[in-house]
Amino acid sequence: MGHVSTSPRRAGVAFAALTALLVSGCSGPADRRPDPASTTSAPAPTAGPTPAAADPAARAAALVGSLTDEGLAGQVLMPYAYGDAATRVSSGSAAGNRALAGVDTPAQMVEKYRLGGLILVGFSADDPTKGNQETTNVDNPKQVRALTDGLRAAADRLPAGSAPFLIGTDQEHGVVTRITEGVTLLPSALAAGAAGKPELTEAAWRAAGAELAAMGINLDFAPVADVLATRSTVIGSRSYGANPGTTAGQVAGAVRGLQAAGVAATVKHFPGHGHSAADSHEGLPVLGQPRKTLESGAWPPFSAGIDAGAMAIMSAHLDARAVDPGTAATFSRKLLTDVLRGQLGFQGVVITDGMNMPPAKRWSPGEAAVRALKAGNDLILMPPNVGQAYDGLLAALRDGSLPRARLVDAATRVLTMKFKLADRPTPELSTLGGPAHRKAADDLAAAAVTVLRGACGGGVRGPVTVTASGGREHTRAALTEALKAAGVKVVAGGGTVVHLVGYGDGAGDLRADAAVTVAMDTPYVLAKAKSPTLLATYSSGRASMTALAGVLAGKTRPDGRSPVPVTGLPATTCGT
């Protein structure tokens, strides 16, 4: 897989020249343009293969030159769909698809609108993004692979079928994880930040990427590059931490790992969701910081992702007052074109955050799609009505309010990314959850465990009673089993009480008599805990509970450092 140039300005000149050639060949008088109502594509170029044809940008240019306006419009749309199979869905899912796109099945949606891709959506426990998850497509790896195979079969019949169909999802690991059954689950980003070892992050994300590829997913909306400058509950443990420099190294590691496995990484949420405590799933958060603060405190991880070769960046529904006051970044040319492309030099695909979120729904789906493209986005994610977004793009082409050059440029970027992902072998499903992948997750989780109060290592006196805040019985049971496997006696009551708290918990969820309190999400709640020993795993998955058990058993040393400040507590009591 080709590496995105780390000389972005030179690459930008070449890309601009290529796009200019495309536009000069495809535009011209209006009566010479392909009819937006047409259902056929122009003849594909007949020239034989050349060395340049193997280049993703050249392949994209050739394909774009053969597409009608409908084909171009479809390439920049990435909706969700109802149903867990491509061609057979329940009556309820069919009704959802008819309301969303005027079709019954996901495959019909791909074919009707000549889509460039589809996002797989779903619900997970403690999910701060549930506000825009209208349905679920995911159950288990075998089902996901059958779904993605069916979607690709539909896309292969389209005029743009020579380019791999994009199938994306939000597999961040931690609280936002769409596929949780039968896969290797990594600890959260905040846990990786606590471990402080980008090489472990890279290895873990290479394993995660291989498993996504085995399920037919080639675009992950991860990693989160937001610096946790505020106590944002919507970002929280999805961030690698509060320090922009160390966060940058972690983001770069995650990008390298994912893309080494043939899955495009999407660095998000530009210009930096962690600089506001508000939730863009509910309204338009304001970034009130001066521009210099954003440049030094929010943007370094995005630059690091770009330098690591990230194929995509997600724009956010954020009002950066110092750059373009009153305008969400999703619709801001100043932020996406002038800053992200001009100042930071990004030449890949810019993807909107969900267009079914409130800040984007102030306009009709068609107008919102046009505005997002004109600002500098290349891929419109999750429009609330697919037909209206598609028709709006075509109408704007007809009346000239959407310059054809901008649509050609966007489609070319999307197709270039697709061809960078082409010709990669698909791993077997049997690789999921394999020993090497589990070890990568275990190594990262073990390096993350942090002691913020109490002795550095040495374990606890048994027997142990494990308790947890409400609704965490599954995690309590997982730690119990891990402790037993580590040789610690666990009893139903009495002994040393180890109490677990997680996402959304506050002071009322703490236990006053606990000898050990463990934070399995952001560690801020530990400031209120009275326990003599305070630990943080930042995550509640199997790997993190195994790592915690090793520390409690005295078999491993908790060498992590809290990547965010906790009032009254050090980053660690284990050295400096």
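The values are calculated or read from the model by the stated rules, or taken from the named source; none is laboratory data. Owing to the predicted nature of the structure, the values given are computational and were not obtained by experimental measurement. Here the Cβ is made from the backbone with ideal geometry for all residues, glycine too, and neighbour counts use every protein chain on show. Calculation scope for accessible area: heavy atoms of the full protein, side chains included, ligands and nucleic acids excluded. Shrake-Rupley method; radii C 1.70, N 1.55, O 1.52, S 1.80 Å.
Using a Förster distance of 56 angstrom, determine the FRET efficiency expected from the C-beta separation of SER430 and ARG362, and round it to 0.05. It comes out at approximately 0.75. Pairs exceeding 23 Å between alpha-carbon atoms, taken from LYS489/LYS555; LYS439/LYS555; LYS484/LYS528; LYS197/LYS555; LYS142/LYS484: LYS484/LYS528; LYS142/LYS484. In this structure, the amide hydrogen of THR465, modeled 1.01 Å from its nitrogen in the peptide plane, lies closer than 5 angstrom to those of VAL491, THR496, VAL497, VAL498, counting only residues at least 5 positions away or on a different chain. Full extension of the segment from GLN343 to THR230, taken as 0.36 nm per residue of separation minus the current Cα-Cα distance, would add 38.2 nm.
Against the chain, whose longest principal axis comes from its Cα atoms, helix 386-399 is set at around 40 degrees. Surface calculation, 1.4 Å probe, protein heavy atoms: HIS499 sits at approximately 10 Å² accessible.
Remark: the chain carries 36 Å² of accessible area per residue (probe radius 1.4 Å; ligands, DNA and RNA excluded). Cross-link reach is defined here as a Cα-Cα straight distance under 26 Å, omitting same-chain residues fewer than 8 places apart; for LYS112 the lysines meeting it are LYS361, LYS374, LYS418, LYS420. Reported value for the range 494-540: 65 Å³ per residue, from the convex hull of its C-alpha atoms. Ligands, DNA and RNA left out, the 1.4 Å accessible surface of the chain is 53% carbon and sulfur atoms.
Rolling a 1.4 Å probe over the protein heavy atoms leaves GLU181 with an accessible area of roughly 110 Å². The listed residues HIS474, HIS275 rank as HIS474, HIS275 when sorted by accessible area, largest first, using a 1.4 Å probe.
Packing-based ranking of 466-473, 192-199, 533-540, 59-66 yields 533-540, 192-199, 59-66, 466-473, ordered from highest to lowest mean Cβ neighbour count within 10 Å.
Restricting the calculation to Cα atoms, every distinct pair contributes to the Kirkwood radius of the range 481-574, found to be 13.7 Å. Let me have the 222 nm mean residue ellipticity of the chain computed from DSSP H runs of 4+ only, each contributing -39500 (n - 2.57), with the sum over all residues rounded to the nearest 500. Calculated mean residue ellipticity at 222 nm is -11000 deg cm²/dmol.
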